[in-house]
Amino acid sequence: MSLAIPHSLLDLAPVCEGSTPAQAFANSLDLARHAEALGYTRYWLAEHHNMPGIASAATAVLIGHIAGGTRSIRVGAGGIMLPNHAPLQVAEQFGTLASLYPGRIDLGLGRAPGTDQAATQALRRYYAGADAFPSDVMEVLRYFGPVQPGQPVQAVPGGGLEVPVWILGSSLFGAQLAAALGLPYAFASHFAPAALEEALALYRRDFKPSARLQQPYAMLAVNVVAADSRAQAQRLFTTQQQSFVRLRRGQPGLIPPPVDDIEAFWTPQEKATVAQALACAVIGDERDVADGLADFADRHRPDELMLTANIFDHAARRHSFALAARAFADEKAVGTA
């Protein structure tokens, strides 16, 4: 499959050891401008809470910061964890963003809390599960539709704006909902790839055209770490590997620097768990990354790829996304030659 497909960037606004959230926000804006210049389609941020190494908890606020500092790249949420919020407030927030930055805002909706049980309770929504997610999604969609005569509650701003809404998922549930509602679907293959093939097949098979989308549109997330050499890239990737293990150990913290010997850090069981969870990863030099992305795209046939990378050094992170972007640029050049 040609890599001449849209490619986007998922940013967790990482707070690295020795740094601060303020620096993370400055880095995110710099990276967004870099991604815009490199031809990335979207720049998405994800809602997480109670995690010292991720600064994007107030996701809508940070989206506004990024959109205000860029010119053309689409900016959105990948995603907003809807069980944490009243649908009206989500519609108002993204209606505001869409009014400030018309044609540039995306709203991805997920049904996980994006945090632990203690923080879930602190968020004050007191939901017993995610059973209300489908009805909450439909409520958000109604708020973005044309305001009807006598409508008792409307999103101001938001009504009539038809902000693009995506369903996020890492299981069959999101695939079923996105297909039933005729919405684009983004699969979290960068950390939960187990159900990828089955979810994609279900979404494409059961998709029902809607006023928002006539054909199924699936975006897949993939970890990409590129460097000037394969050894450098593999070393940079140890940051993400360490972070994943620490989270599973119940020890979330700031983003750690890379290490020379990852084998000394984890147990064999932890290594196997990380290998499974981060199986959708392309690590290496520019050629490795171009070949790996092409293989991934050929295997799964996505309509769009969402690249993400948890790299400690900001300059190395910028360079990694630049090297990855060349794979898509080279394909475009071949296609127009």
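Just a few scattered comments:
- Any hit, segment 16-37, residues being touching a Pro at 6+ places or on another chain (Cβ under 9 Å), surrounded by 22 or more Cβ atoms within 10 Å (Cβ to Cβ) and not in a helix (DSSP H, G or I): no
- Residues in segment 192-237 that are aliphatic (A, V, I, L, M), surrounded by fewer than 21 Cβ atoms within 10 Å (Cβ to Cβ) and farther than 20 Å from G79 by Cβ: A201, A211, A231.
- Among all residues of segment 45-66, there is at least one that is closer than 24 Å to H300 by Cα and either assigned to a loop (DSSP other than H, G, I, E, B) or in contact (Cβ under 8 Å) with a residue 60 or more places away in the chain (or both).
- All conditions in (1) under 14 Å from the mean Cα position of the chain (by Cα); (2) modelled with pLDDT of 95 or more; (3) not hydroxyl-bearing (S, T, Y) hold for F25, with the sole exception of (1).
- Looking across segment 208-242 at every residue that is part of a loop (DSSP other than H, G, I, E, B) and small (G, A, S), the one that is nearest to H319 (Cα to Cα) is identified as A227.
- Filter pass, R317 being of a type outside the set (S, T, Y), more than 17 Å from the chain's Cα centre (by Cα) and in a helix (DSSP H, G or I): no
- Annotation note: of Q154, Q148, the sole residue that is polar (S, T, N, Q), in a loop (DSSP other than H, G, I, E, B) and at pLDDT below 95 is Q148.
- Residue match in segment 254-270 (condition: touching a Pro at 6+ places or on another chain (Cβ under 7 Å) and modelled with pLDDT of 95 or more): yes
- Filtered residues of segment 288-315 (kept if touching a residue at least 60 places away in the same chain (Cβ under 8 Å), hydrophobic (A, V, I, L, M, F, W, C) and surrounded by fewer than 20 Cβ atoms within 10 Å (Cβ to Cβ)): A294
- Options A91, A4, A112: the member that is more than 14 Å from the chain's Cα centre (by Cα), within 24 Å of L183 (Cβ to Cβ) and not in a strand (DSSP E or B): A91
- Residue in segment 121-139 that is assigned to a helix (DSSP H, G or I), farther than 29 Å from Y101 by Cα and modelled with pLDDT under 95 present: yes
- Residue check, H314 within 26 Å of G39 (Cα to Cα), in contact with a helix residue (DSSP H, G or I) (Cβ under 8 Å, 6 or more places away or on another chain) and not acidic (D, E): yes
- Search result, residues across segment 149-181 that are under 12 Å from P134 (Cβ atoms) and of a type in the set (S, T, N, Q): Q176
- Scanning segment 172-207 for residues being in contact with a Gly (Cβ under 8 Å, 6 or more places away or on another chain), over 16 Å from V137 (Cβ atoms) and in a helix (DSSP H, G or I) gives a total of 1.
- Answer residue from segment 208-223, given it is among the polar types (S, T, N, Q) and free of Cβ contacts under 8 Å to residues at least 60 places away in the same chain and is nearest to M138 (Cα to Cα) among those: S210
- The lone exception for L247 - which of (1) modelled with pLDDT of 95 or more; (2) surrounded by fewer than 19 Cβ atoms within 10 Å (Cβ to Cβ); (3) in a helix (DSSP H, G or I) it fails: (1)
The values are calculated or read from the model by the stated rules, or taken from the named source; none is laboratory data. It should be emphasised that the depicted structure is a prediction, and the values quoted were computed from it without experimental measurement. Positions of Cβ are generated from backbone atoms using ideal geometry, with glycine treated the same way; all protein chains shown enter the neighbour counts.
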